[in-house]
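First the structure, in the form of structure tokens, and then the observations on it.
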Amino acid sequence: MKKLILITLLISAITVSAQNVDQEKEAIKKVIQTAYVDGLQNEGDATKIDSGIHPGFVLLGIGEGNEMWKYPIAEWKAKTEKKVKDGKLPRTGDDKVSVKFKTIDVTGTAAVAKIEFYVGDKLTYVDYISLYKFEDGWKMVNKIYYKL
């Protein structure tokens, strides 16, 4: 009887843990959709950007040879705000960005999301986004990518 109770408790704990991870994954999807896709890419909405992208966020890229460059969110946001002023945002129609979530890996307060980035119907990038869970929720802190 004790074994049965122990097994039942173990199964319950695993189920609760899996539900928690699923909830965290949904929260991460929402942050990426709201802050990155809608806020940064499609609308240029600073409030949405700030809601899910940490001020210390850095986009990392590679250049020629062993060169690597950094693009802080403050610079990216300023460029996005200029696009709004110049009438280049919000995006519409075939120019609109969407993403498909391929994987999300969560361990405690750290996570990585792999997404496919589309402009219209065209797959243009595969992004790897790192996130941390802060007191006020999940925030994107870093991104690397592969351009197709």
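The values are calculated or read from the model by the stated rules, or taken from the named source; none is laboratory data. Fair warning: this is a prediction, and the values are worked out from it, not measured in the lab. Here Cβ is always computed from backbone atoms with ideal geometry, including for glycine, and neighbour counts include all displayed protein chains. Heads up: the accessible areas ignore ligands, DNA and RNA and are worked out on the full protein's heavy atoms, side chains in. Shrake-Rupley method; radii C 1.70, N 1.55, O 1.52, S 1.80 Å.
How many residues does the stretch 40-77 hold that are without any contact (Cβ under 8 Å) to a residue 24 or more places away in the chain, surrounded by 15 or more Cβ atoms within 10 Å (Cβ to Cβ) and either β-branched (Val, Ile, Thr) or at positive phi (or both)?
Result for the stretch 40-77: 0.
Does Thr80 meet the test of being in contact with a helix residue (DSSP H, G or I) (Cβ under 7 Å, 6 or more places away or on another chain), without any contact (Cβ under 8 Å) to a residue 24 or more places away in the chain and open to solvent by less than 50 Å² (accessible area, probe 1.4 Å)?
No, not satisfied.
Would you mind stating whether Glu43 is modelled with pLDDT under 95 and either among the acidic types (Asp, Glu) or touching a helix residue (DSSP H, G or I) at 6+ places or on another chain (Cβ under 6 Å) (or both)?
The answer is no for Glu43.
So that you can scan it fast, the table gives a plain yes or no per residue for (1) under 16 Å from the mean Cα position of the chain (by Cα); (2) among the acidic types (Asp, Glu); (3) modelled with pLDDT under 95; (4) not in a helix (DSSP H, G or I):
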position	(1), (2), (3), (4)
Ile28	yes, no, no, no
Gln33	yes, no, no, no
Ile49	yes, no, no, no
Gly56	yes, no, no, yes
Leu60	yes, no, no, yes
Glu64	no, yes, yes, yes
Asp105	yes, yes, no, yes
Ile115	yes, no, no, yes
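Mind counting the residues in the stretch 93-102 that are outside any helix (DSSP H, G or I) and either open to solvent by less than 100 Å² (accessible area, probe 1.4 Å) or in contact (Cβ under 8 Å) with a residue 40 or more places away in the chain (or both)?
Adding up the residues that qualify gives 5.
So in the stretch 28-39, with the set limited to residues that are open to solvent by 20 Å² or more (accessible area, probe 1.4 Å) and in contact (Cβ under 8 Å) with a residue 24 or more places away in the chain, which one is nearest to Gly87 (Cα to Cα)?
Only one residue tops the list, namely Gln33.
Consider Pro72 carefully, then state whether it is over 20 Å from Pro55 (Cα atoms) and in contact with a Gly (Cβ under 9 Å, 6 or more places away or on another chain).
No; evaluated as a whole, the condition is false for this residue.
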